[in-house]
């Protein structure tokens, strides 16, 4: 492995751990000696990476340092191709366009001998049927997620009647051809899943919910009801 690849891999390991990680762990995962880890960390620090180091404790990479990837393995490129194909077929036009742009950017930094793997047409991603057309606009829903905006959903219950709920959207679900939005329901004071095929109307509100979305996701995942199989009420 070249030194540039080794430095990039070390950055990836630090990013993956997020918190403090010992030099011994870095050495084991990198397959090098502890002395090499110390030298490589010093090199990355000289390149501008904000890596805090404390003797006897370990290393932590502060967020914000960007280093363009120097290469991908063929398996990694195939994974990107398959994932992009799924997104293009199973989400919405905006995400399909975004994933096409992302692949073009990756192609621009690849070594010429690796571009063939990105253009590989050996994979096909299909579905028994396309997702049903619903009132839930996935692009608007993603905007609500990013901006932590409340959504007003008119929802068809199991008896065929309609209910209105104000929801703090925290997650989009893609299971087979079923689409759903999960969030904190103000009416029920609990986490709920609302399936797209039963949403009659969806409106992104100007009001923002005050709690952090990532914190809400962690709380939901830690609850005994996650994943909740029952539909929103």
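Here are the numbers:
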quantity	calculated
Enumeration of residues in region 69-114 that are surrounded by fewer than 16 Cβ atoms within 10 Å (Cβ to Cβ), part of a helix (DSSP H, G or I) and at pLDDT below 80	105, 107, 108, 109, 112, 113
Scope region 141-179; condition touching a helix residue (DSSP H, G or I) at 6+ places or on another chain (Cβ under 8 Å), more than 30 Å from residue 125 (Cα to Cα) and assigned to a strand (DSSP E or B); matching residues	149, 150, 151, 155, 156, 168
Boolean, residue 232 is modelled with pLDDT under 90, under 27 Å from residue 86 (Cα atoms) and buried (at least 20 other Cβ atoms within 10 Å of the Cβ)	yes
Number of positions in region 2-43 that are under 29 Å from the mean Cα position of the chain (by Cα) and outside any helix (DSSP H, G or I)	6
Checklist (1) within 30 Å of residue 121 (Cβ to Cβ); (2) touching a helix residue (DSSP H, G or I) at 6+ places or on another chain (Cβ under 7 Å); (3) at pLDDT 85 or above; (4) loosely packed, with under 15 Cβ neighbours inside 10 Å applied to residue 34, failing item	(1)
Failed item, numbered, when residue 134 is tested on (1) exposed (fewer than 15 other Cβ atoms within 10 Å of the Cβ); (2) not in a helix (DSSP H, G or I)	(1)
Residues being in a loop (DSSP other than H, G, I, E, B) and more than 21 Å from residue 165 (Cα to Cα) - total across region 203-228	2
Pairs with Cβ under 6 Å, 6+ apart, first in region 86-115 and touching a residue at least 40 places away in the same chain (Cβ under 8 Å) and on the phi > 0 side of the Ramachandran plot, second assigned to a helix (DSSP H, G or I) and exposed (fewer than 15 other Cβ atoms within 10 Å of the Cβ)	none
In region 151-198, residue surrounded by the most Cβ atoms within 10 Å (Cβ to Cβ) [restricted to those that are touching a residue at least 60 places away in the same chain (Cβ under 8 Å), in contact with a strand residue (DSSP E or B) (Cβ under 9 Å, 6 or more places away or on another chain) and more than 18 Å from residue 216 (Cβ to Cβ)]	155
Selected residue (only one of 51, 13 is farther than 24 Å from residue 111 by Cβ and surrounded by 11 or more Cβ atoms within 10 Å (Cβ to Cβ))	51
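The values are calculated or read from the model by the stated rules, or taken from the named source; none is laboratory data. All values reported here derive from a predicted model rather than from experimental measurement. Positions of Cβ are generated from backbone atoms using ideal geometry, with glycine treated the same way; all protein chains shown enter the neighbour counts.
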